[in-house]
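**Student:** Input: one structure, supplied below.
Derivation of every value follows stated rules applied to the coordinates shown; laboratory data play no part. Just so we're clear, the structure is a prediction, and the values are computed from it rather than from any experiment. Every residue, glycine as well, gets a Cβ built from its backbone with ideal geometry; the counts of neighbours run over all protein chains shown.
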Amino acid sequence: MTITAPKDTNPLATIMAGAKAGGARGPAPVHLWNPPFCGDIDIEIRRDGSWWHEGRPIRRAGMAQLFASILLYEGGEYFLVTPAEKVRIRVEDCPFLVTDMDVEQKGEPSTQAITLHTSLGEVVTIDPEHPLCCEAKTEPHPTVVIRSGLTALLSRAVYYRLAELAQAESDADDAALGVWSGGQFFALL
């Protein structure tokens with residue numbers, strides 16, 4: 001772990017104390033805080049949504065949820081932020097993983113709402129504020145914006161469930177296949 005904070009402070013302990021002070025009321029207002037950068041900390045979020053500290057998994061879901069509540073994406077990098085400190089962490093792909101979904105059908109497909117659930121308890125409905133994006137890499141890479149530039153990778157099971165809902169955007173032969181949610185069409189590839 002590389003930390004540039006003064007020797008008499010422990011950034012991980014300070015972050016935990018600062019985050020706990022905010023309580024379990026959802027994400028902290030990290031966009032309002034501008035603490036000094038204290039260095040890198042050996043925390044990594046892996047592609048499967050698991051959190052690791054110094055090469056060992058963080059097994060307590062509450063601890064990972066606490067850290068996720070103070071996560072900030074800025075300048076292409078990820079940080080854990082409190083009003084007093086800011087430390088950089090590594091993220092292998094996306095910081096969140098979508099593990100479940102609900103579909104609320106209100107009549108026409110264009111009026112349905114698709115709600116996604118992450119492994120850390122974040123819940124969003126696919127809509128213009130939380131868009132679904134499906135990049136074509138070596139395989140589909142479906143993501144959704146959770147909050148403030150933080151994205152979630154859709155698990156394979158959730159992506160397949162979305163694919164079952166797919167329909168053509170229009171009657172044209174070259175129409176994109178995708179899903180409707182929040183009054184908008186989102187292409188699935």
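**Student:** What translational diffusion coefficient, to the nearest whole µm²/s, does the stretch 96-187 have by Stokes-Einstein, given a Kirkwood radius computed over alpha-carbon pairs, a temperature of 10 °C and 1.306 mPa s viscosity?
**Tutor:** 119
**Student:** Explain nothing, just the number: dipole magnitude of the stretch 84-189 about its Cα centre with +1 on each Lys and Arg Cβ and -1 on each Asp and Glu Cβ, in debye rounded to the nearest 20.
**Tutor:** Roughly 540 debye, rounded to the nearest 20.
**Student:** Compute the distance in nm between two label points, each set 7 Å from the Cα along the Cα-to-Cβ direction, one at T125 and one at W33.
**Tutor:** About 3.0 nm, to one decimal.
**Student:** If R₀ is 30 angstrom, what is the calculated FRET efficiency for the pair D102 and R59, using the beta carbon separation as r and rounding to 0.05?
**Tutor:** 0.65
**Student:** Once fully extended, how much extra length lies between L177 and L189, figured as 0.36 nm per residue of separation less the alpha-carbon to alpha-carbon distance?
**Tutor:** 3.7 nm
**Student:** Over the chain, with a Gaussian network built from C-alpha contacts below 10 Å, which listed residue (P27, P128, P142) shows the highest mean-square fluctuation?
**Tutor:** It is P128.
**Student:** How many nm separate the modelled label positions at S110 and D93, each set 7 Å beyond the Cα in the direction of the Cβ?
**Tutor:** The answer from the label model is 3.4 nm.
**Student:** Explain nothing, just compute: Karplus ³J(HN,Hα) = 6.51 cos²θ - 1.76 cosθ + 1.60, θ = phi - 60°, for every residue of the stretch 59-66 in order, whole Hz, x for Gly and Pro.
**Tutor:** 7, 7, 4, x, 5, 5, 5, 4
**Student:** Moving on to the next point. Can you tell me the FRET efficiency between K137 and H117 if r is taken as the Cβ-Cβ distance and R0 is 22 Å, rounded to the nearest 0.05?
**Tutor:** Computed FRET efficiency for K137 and H117: 0.35.
**Student:** When only alpha-carbon atoms count, how far does the chain stretch along each of its three principal axes, as whole angstroms with the largest first?
**Tutor:** Per principal axis, max minus min of the Cα coordinates gives 66, 33, 29 Å.
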